[in-house]
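S.K.: Please read through the structure below; I'll follow up with questions.
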Amino acid sequence: MAKNYEEFRIHGKQMVDYICDYVKNMDQKTVAPITVEPGFLAPQLAKEVPELPESFQEILGDFEKKIMPGVMHWNHPNFFAYFGAGNAYPSVLGDMLSSGIAAIGFSWASCPALTELETIMLDWYAKALDLPDFFLSKSSNSKSLGGGSIQSSASDAIFACMCSARARAIKKLKGDNLEIHDSVYLPQLVCYASSEAHSSVEKAAKMNLVKLRVIEPDSHDSMRGDALERAIERDIARGLTPFFVVATLGTTSQVAFDNLVEIGVVCKKYPSLWFHVDGAYGGNSFLVPEMRRFKAGMEYVDSFEVNPNKLMMTAFDCTCMWVKNVLTFTEAFAVDPLYLQHQHDTSVVDLRHFGTPLSRRFRSLKLYFMFRMYGLKGLQGYIRRVITMGKHFEKLVKTDERFEIRNDVILGLVCFRLLHPDAINQEFLARMNASGKIHLTPAKVKGKYVIRFVANQENCNEAQIDGAWKTIQQFADELVGEIKPVEKKVRPRLKKLDRTHSQRFSFTRNVSQEIYERQSSIQKLMDGATPIVVIDTNDILLSLQKATLQNKEAQERERIDEHHSKCNGTNGA
């Protein structure tokens, strides 16, 4: 029989206790699930839905014994990978309340408070970040045409903005030729992003069926206006239409910041261009005035998004997106079946027009609780601590001459590596991750394999950083000690992890020389969520490649011989 809410009163309190105990005792767990292998879970669970109800205690017990061993503990004190994921309890309370109310916000009429609170929270947030007034809603700025909404992720926001930009560009190209289908103009459209931009830009371009032009950044990995303009001019000369530019504030690999002023000036020259800024990580830092130097140029921007879950402790999912002109943006998504229309639809922009999804959760409750329970001062204090912890780790790395730092340490991320070839650094990371004592991820920075150290957990402190550095040094001592003196141009001989685990824990994907050389046509943009592709020099793989080539050559010879045989037979007849 269906569970009632008196049972929830009991089980809900038990679940809160379980979550609190999990967070409190997380440091007693291994940071990463190093003992599990792919497919570990299916044999432990039933093959199908149970016929009869089971007790809450039994279900939670099975979760602890069977599922928890495969959980990555993103808020573990030794987790320094990716960008941290927020789990601040005020945002968890907002999620609980959203799930309990279970309102669906596809239109104002479907839940007026859901639509209006989302608008108000985005106005609060925009003001706290000191964004231009044109991003505010009409309720905060009567002259504004802009506003925003909460998206599921930064990838969704980028995709939605690219869709709108594409629709606007095609509308201009079509003019009065309404009988021509929009798809005719797709081969003409080009979007632009730095090689340091997130891979979701490439995915959005692929789904929008448009060309992506990758711009090489400067020595600080910042996209500059002159490089962008050269690419735009070349495309215009080819008869193409530039329509979308993405700049990044806080790149995934190393937290580099693109030059918004220069890019914005270029975009202003070309009316067909929509200028989007991906501030998923770095944009949150504008909560503190001292980081707003990177905000210069926002006056040129058409759309902007940040992830409070990355650098404002808020539980996922909650990407905040603003657009300069709501009507232009929503034109790409607006559909109005009768059952969705309501008497206020001319004075309120329904959330269903802000992207692909129709239905939306009451996600603004997370921001409502976070803003009120932390206050701006509390959030600013957290951002400043992240900056300080990053600088503290940078200082520690610089004391050890075996290491180098490969990025400008601005916002809690340090990209470091041993002064040894990439293969040694891959093994170094693999060993650290395989131990379960610490968890880190890699990136490619200026052509080198680096290890990323992100210090943005809510309660991160110097003692925690010092402990992590001690662990890193211990593994460096062990690895460097194994490197025997060898002749020049001969790679060091190491007692490596086995091939499978070395790739898994170093986040690399070994490919053949041929595939590697074609890689730029397969994947243009990389991020910290995907393996780094490296050339595989394994002798077995090389032998297999040679054998494959020989087989192909043999088959081709057989085909030619057979063809000649048939021809000779015909001539003889």
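S.K.: Which residues, taken from the stretch 125-148, are over 21 Å from M370 (Cα atoms), touching a residue at least 60 places away in the same chain (Cβ under 8 Å) and part of a loop (DSSP other than H, G, I, E, B)?
M.R.: Result: P132, L145, G146.
S.K.: Can you pull out every residue in the stretch 22-36 that is in a loop (DSSP other than H, G, I, E, B) and open to solvent by 80 Å² or more (accessible area, probe 1.4 Å)?
M.R.: First pass over the stretch 22-36, keeping only residues in a loop (DSSP other than H, G, I, E, B): 25, 29-36.
Across the stretch 22-36, the qualifying residue is only T35.
S.K.: Considering the stretch 164-206 alone, what residues qualify as being outside any helix (DSSP H, G or I) and within 21 Å of L260 (Cβ to Cβ)? Please lay out each step first, then the result.
M.R.: First pass over the stretch 164-206, keeping only residues outside any helix (DSSP H, G or I): 175-181, 189-198.
Selection gives V190, C191, Y192, A193, S194, S195, E196, A197, H198.
S.K.: Now for a different question. Mind counting the residues in the stretch 66-102 that are within 22 Å of the chain's Cα centre (by Cα) and part of a loop (DSSP other than H, G, I, E, B)?
M.R.: Residues that pass the stated criteria total 16.
S.K.: Looking only at the stretch 1-21, how many residues end up being of a type in the set (A, V, I, L, M, F, W, C) and part of a loop (DSSP other than H, G, I, E, B)? Give the derivation first.
M.R.: Narrowing the stretch 1-21 to residues of a type in the set (A, V, I, L, M, F, W, C): 1-2, 8, 10, 15-16, 19-20.
Filter once more, so that each one left must be part of a loop (DSSP other than H, G, I, E, B): 1-2.
Total satisfying the criteria: 2.
S.K.: Select from the stretch 103-124 the residues that are assigned to a helix (DSSP H, G or I) and either out of contact with any Gly (no Cβ under 6 Å at 6 or more places or on another chain) or not aliphatic (A, V, I, L, M) (or both) and list them in ascending order.
M.R.: Narrowing the stretch 103-124 to residues assigned to a helix (DSSP H, G or I): 112-124.
Within the stretch 103-124, P112, A113, T115, E116, L117, E118, T119, I120, M121, D123, W124 qualify.
S.K.: Oh, and also: Any idea which of (1) surrounded by 20 or more Cβ atoms within 10 Å (Cβ to Cβ); (2) in contact with a helix residue (DSSP H, G or I) (Cβ under 8 Å, 6 or more places away or on another chain); (3) among the aromatic types (F, W, Y) is the one W124 doesn't satisfy?
M.R.: It fails just one condition, (1).
S.K.: With a cut-off of at least 3 residues that are in contact (Cβ under 8 Å) with a residue 40 or more places away in the chain and open to solvent by less than 20 Å² (accessible area, probe 1.4 Å), name the strands (runs of 3 or more DSSP E) lying wholly within the stretch 207-289. Walk me through it before giving the result.
M.R.: Working: elements: 211-215, 241-248, 274-278.
Counting at least 3 such residues, we get 241-248, 274-278.
S.K.: Of everything in the stretch 357-404, what is surrounded by 17 or more Cβ atoms within 10 Å (Cβ to Cβ), among the β-branched types (V, I, T) and under 25 Å from the mean Cα position of the chain (by Cα)? Give them in sequence order.
M.R.: Within the stretch 357-404, I383, V386, I387 meet the criteria.
S.K.: For the list (1) modelled with pLDDT of 85 or more; (2) outside any helix (DSSP H, G or I), I need the number of the one condition that L358 fails.
M.R.: Evaluating L358 over (1) modelled with pLDDT of 85 or more; (2) outside any helix (DSSP H, G or I) leaves (1) as the failure.
S.K.: Hey, another quick one. Of the conditions (1) surrounded by fewer than 16 Cβ atoms within 10 Å (Cβ to Cβ); (2) at positive phi; (3) touching a residue at least 12 places away in the same chain (Cβ under 8 Å), D182 satisfies every one except a single condition; which number is it?
M.R.: Checking D182 against (1) surrounded by fewer than 16 Cβ atoms within 10 Å (Cβ to Cβ); (2) at positive phi; (3) touching a residue at least 12 places away in the same chain (Cβ under 8 Å), the one that fails is (2).
The values are calculated or read from the model by the stated rules, or taken from the named source; none is laboratory data. Just so it is clear, the model here is predicted, and its values are computed rather than measured. Note that each Cβ is placed from the backbone with ideal geometry, even for glycine, and that neighbours are counted across all protein chains shown. These area figures cover heavy atoms from the full protein model, side chains too; ligands, DNA and RNA do not enter into them. Shrake-Rupley method; radii C 1.70, N 1.55, O 1.52, S 1.80 Å.
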